[in-house]
Structures are given as C-alpha cells and as structure tokens.
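Visitor: Once you've had a glance at the structure underneath, I'll fire off some questions.
The values are calculated or read from the model by the stated rules, or taken from the named source; none is laboratory data. These numbers come from a predicted model, not from an experiment. Cβ coordinates were reconstructed from backbone atoms using ideal geometry, including for glycine residues, and neighbour counts include every protein chain displayed. Ligands, DNA and RNA are excluded from the accessible area calculation, which covers all protein heavy atoms including side chains. Shrake-Rupley method; radii C 1.70, N 1.55, O 1.52, S 1.80 Å.
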Amino acid sequence: MNKEKREKLSLESKMVFYPPEPSSMSINNPIYMSSNFQYTAEIYQRVLDGERKTVNIYSRCGNPSEYKFEEQMTWIEGGDACLATASGMAAIATILFGLLKGGDHIVADWTTYSTTHEFLDHRFTDFGVETTFVDTANVDLVEKAIKPNTKVVYFETIANPTMKIPDIEAIVKMAHEKGIIVICDNTFASPYVFRPLDWGVDLVLESATKFICGHNDALGGAIIMKSEILPEDFMEQVRWSTLTKLGGALSPFNAWLLLRGIQTLHLRVERQCQNAARLAKYLDGHDKVGKVWYPGLESHPQHLIAKKLLPKFGAMLTFEVQDEPTAVRVLDSLELATFGASLGGVRTTTQVPSTMAFLDVPPEQKKQMNIRDGMIRISAGIEDADDIIADFSQAIAKI
Ligand SMILES: Cc1ncc(COP(=O)(O)O)c(C=O)c1O
C-alpha cells in the first residue's frame, strides 16, 4: 500500500496494518535478536560519510525491530517521527535531557507521574534546570509561571490520580506564541482516546508499558514528534545526542510485543473505556464511597474540557473511601481485579496512589497534587463489566 492510501486509513486500520518484512514476506516483523550488525566496506564508508541513519550498527543506537515499532507509533499518533525507548521513564529522561541544558526552565503540572515529578523537582535541579509547578487546567496560571528562560511546558493528558485534564488547546496557543515547546505525556489516554499532536502539542510521550502493550508483559516507551518549532531531524538528533548516551534502547523482543499490542489497542481500550464508565456510575451512587474522579462524570472538574478533547473519557478512574487502611482492605478483598502497580492491561488493576505510585512524594506535595490517603485508583480491564462491579461490590461490603 502506498503512503497516500495508508494516510487515508482510519486510526483502527492504521493500528492493525503494516507491510510485510520484504526479505521473508513475514506479516509479523521479525525479532532481530542481535546486538550488533556486520559491516561491509560500503557500509563502513556510509557510516564515515555521516549516513548513520541508513545502516544498522549496534542495537543501542537502533535495531530493525525497534524501527518498525517507531514507524507504527508515528502512524498511530499522527506524527512525523518517533524514538523508541526502554520504558516510559527512559522516554521522559531522554527528551528532557535532549532538549534542555543548565539554566533552562520548565513549567509543569503539579500532578504528573510521581517519578517524573521527582525527576523535575529534585534530580534535574542538580543539572541547573528549574521547574515551576502549576495547575495546567488553568492556562492563566501556566502563562504567569513563564519566565524568559522557559523552554518547555509539560503535562499529562489525564493526570494520576484525579484524572485531571489540562486545557491543552489554550496552553498550546499561549506557549507557541512565545516559542515554547509543549510536551504531553499521553500514557493514561493512549492514542486511541486522544492524539495530542492533532491539537498542536510538539512532543508526545507514551509509557508503552501500559495501554499500548496492554498485557503487562513488556516495558517500553516512545517519544513522537510533529512540530513546527523543532527542526525536522530533531528525533534523530536526540537519538545520537542523548538516547545513545543514556542507553535506554528498547529491546527487540519488547518491540515485537508492543507491535502486537498496537494491533488490538482500539478494541481493548474501547472496552476498557466502557467498563470504566460503568464502574464510575456504580461507584458514584454507592453509599460507602466518597468522591469519584472520572472525566465522564459531570462532577469532574474538567468534564467540559474532557468532552471537547477526549469524548471517550478514558479507562482510568479513582474513588475515595474513609482512609488508607480501609482502601487496602477493599483492594485485598478483590478476587477478580488485581491489587498491584501499573495500568492499561487487559486485567482490571487497582492501587492506593498515596502509598504506591506516590510513596516517595512528601505529604505537603501530595496535598498540592490533591492526593488523598483513602483514594483507590482503578485501571479498567476488558472483563465483563457486571463481574467487575460484583467484585467491587463484595469488597466494599466488607468495610
Ligand atoms: C503517566 C506515566 N508516565 C510515565 C510512566 C513511566 O513509565 P514506565 O514505567 O514504562 O517507565 C508511568 C508509569 O506508571 C506513568 O503512569
């Protein structure tokens, strides 16, 4: 299929289709389990001539299994280029180190994945990069935090655990007027629910470990770009300037698993969103449950932004019980849903964000992030919704 025809395919078809590997006509991309590749005199000369992009050298610099994953991610995010990484955090560290230097400034949302927050709040400061944390649901606060040395505005499409949604359209407009790059971690949404590049975001990050993989069996990450402010070859620049230095290359086997995951992403996430909506409705009416955070509920603070940006509302939700011991009791009583870390897989998975994802974040900062001790976060799976609701019902009945 030529590029023009492929461009016109729907998102679902783009997820399923990629052309066969030409030497074998295998419809699935081979796993190139090789750390290095043989040179010929001609390849050697091409490398010397600076054509590193067109040859395979060493898998830390790139591997054909990984290239196919990058190609698919570029298609499904509607981007121009992608860099695959060993994990979501490798994508985050690679893009931030690739873009910023000492003396630069970032404006980031108060609520990002805890390890991202710690990286910005502590580790990056050691290199002279400062971050101001604000509530990105309010574009005025973002604008007020901008300084002459601000290079990046950073947020998550749906932020953990309150499922907060920034005013992405307004932020992009304001930032681009000032020449500031906008980065969005889209992990909680996945490209099926939201494609940030379509809304003018410059760089999208995905922890492919989550919805893209979908089966809790591989780590991976991706940085995808479509930008008028960044140079066309920016992703290749970052590959050589930063990814090869930090060493966070995606493994060939994980690239293969993630490619397989992409092919069912739309089916899984569609069902996961339906299940999340059913769970949110059930929990919202439960007398032993406090607040429920789900972008599809009218009570959600960014419900109107959600309706505009991501009408599927995603597969993640949070509800509140009395306190942390009660939350643990509920989760320990679940028989079908899994009590554990991570999200986005086919199984419904639950955790206590305050003491799990955000364990190392000091109490004062958790308060700023609106993280409460009795919160329970759910990543809806693809099981039968009635079975999942029955499971939560029997677990909540025990408190
Ligand atoms: C929103 C978000 N971004 C990034 C990451 C990091 O991804 P990984 O665990 O693949 O490094 C996570 C992990 O949970 C996450 O939830």
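Visitor: Give me the helices (runs of 4 or more DSSP H) completely within the range 108-225, filtered to those with at least 3 residues that are within 13 Å of the ligand (Cβ to nearest atom), ordered by residue number.
Guide: Result: 114-118.
Visitor: Check ILE371 against each of (1) closer than 20 Å to THR187 by Cα; (2) in contact (Cβ under 8 Å) with a residue 60 or more places away in the chain; (3) open to solvent by 40 Å² or more (accessible area, probe 1.4 Å) and name the one condition it does not meet.
Guide: Single failed check for ILE371: (3).
Visitor: Can you go through GLN263, GLN237 and tell me which one is more than 30 Å from ILE396 (Cβ to Cβ) and either among the hydrophobic types (A, V, I, L, M, F, W, C) or within 18 Å of the chain's Cα centre (by Cα) (or both)?
Guide: GLN263
Visitor: Pairs please, first residue from the range 88-105 and in the same structural domain as LEU205 (by TED's automatic domain parsing), second anywhere and of a type in the set (D, E, K, R) and open to solvent by 20 Å² or more (accessible area, probe 1.4 Å), Cβ atoms under 6 Å, 6+ apart in sequence or on different chains.
Guide: From the range 88-105, the pairs are LEU100/LYS151; ASP104/LYS151; HIS105/GLU130; HIS105/LYS147.
Visitor: Could you run through the range 81-107 and say how many residues are in contact with a helix residue (DSSP H, G or I) (Cβ under 7 Å, 6 or more places away or on another chain), closer than 27 Å to CYS61 by Cα and more than 13 Å from the ligand (Cβ to nearest atom)?
Guide: Qualifying residue count, the range 81-107: 6.
Visitor: Please go through the range 198-238 and give me each residue that is open to solvent by 10 Å² or more (accessible area, probe 1.4 Å), in contact (Cβ under 8 Å) with a residue 60 or more places away in the chain and among the aliphatic types (A, V, I, L, M), ordered by number.
Guide: Within the range 198-238, just LEU219 meets the criteria.
Visitor: Can you name the condition, by its number, that LEU304 falls short on among (1) under 23 Å from the mean Cα position of the chain (by Cα); (2) in a loop (DSSP other than H, G, I, E, B); (3) outside the structural domain of LEU99 (by TED's automatic domain parsing)?
Guide: It is condition (2) that LEU304 fails.
Visitor: Output the residues belonging to the range 101-117 that are crowded, with 20+ Cβ neighbours inside 10 Å and modelled with pLDDT of 95 or more.
Guide: ILE106, VAL107, ALA108, ASP109, THR116, listed by residue number.
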